Amino acid sequence: MLFPSEEDRRSLLQWARRAIVEAVSGSQLASDIPQHGIFGERHGVFVTLHVRGRLRGCIGVIEREQPLGESIVRCAAGAALRDPRFPPLRQEELHELEIEISLLSPPAPIRPEEIEIGRHGLLIAYEVQRGLLLPQVATEHRLNREQFLEEACRKAGLPRHAWSQHEVRIFGFTCEVFSERLSRLGA
């Protein structure tokens, strides 16, 4: 698993914020994204937005097809404008916006009894249907292992207990999570 330096974390968060401000203002997204260091590495990533402590958008990629810098810019803009659960972020919300970035380890098959709440995120897959939940979802909503599996199934558009079916695949992953709030607190 990747453990970025504090300087890398700050830089990634700054690029995410820049992408969000550009997207909300209707500007063209940056094309001068750094390609060196952590920006050029390939990782799954999710960008989560909170306004006044409430979820306001979350978009990510599991695949490692693009360099991390490009993925963060694209996911940040997407979380601000294209998360179907929320209306597009408005300019007046930018001053209350808090950005969180989750860098994902590669998903690997996991048995239900191996899932550790707060450590593992889940990806449930059946044919073309997929549902992903980050590790922090289980702790924020105080879910136990079975509830976490059920919620991942629901997100995939599957029946809640589909996870127990042999043909449904369960993958676990871990995340390196950092945010502007934690960065400000020196954590």
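Nothing in this text is a laboratory measurement; each read-out follows from the coordinates by a stated rule. Treat the numbers as computed from the prediction; the structure is a model and nothing was measured. Using ideal geometry, Cβ is built from the backbone for each residue, glycine included, and neighbour counts are taken over all protein chains shown.
At a glance:
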read-out	value
Residue within the range 113-127 that is under 15 Å from the mean Cα position of the chain (by Cα), of a type in the set (A, V, I, L, M) and within 17 Å of Phe173 (Cα to Cα) present	yes
Positions within the range 59-70 being under 11 Å from the mean Cα position of the chain (by Cα) and under 15 Å from Ala23 (Cβ atoms), in sequence order	Ile59
The range 71-82, residues that are surrounded by fewer than 19 Cβ atoms within 10 Å (Cβ to Cβ) and out of contact with any helix residue (DSSP H, G or I) (no Cβ under 6 Å at 6 or more places or on another chain)	Arg82
Sole residue being under 26 Å from Gly53 (Cα atoms), touching a helix residue (DSSP H, G or I) at 6+ places or on another chain (Cβ under 7 Å) and surrounded by 15 or more Cβ atoms within 10 Å (Cβ to Cβ), chosen from Leu134, Leu103, Leu123, Leu143	Leu143
So Glu65, is it out of contact with any helix residue (DSSP H, G or I) (no Cβ under 6 Å at 6 or more places or on another chain) and farther than 30 Å from Ala125 by Cβ	no
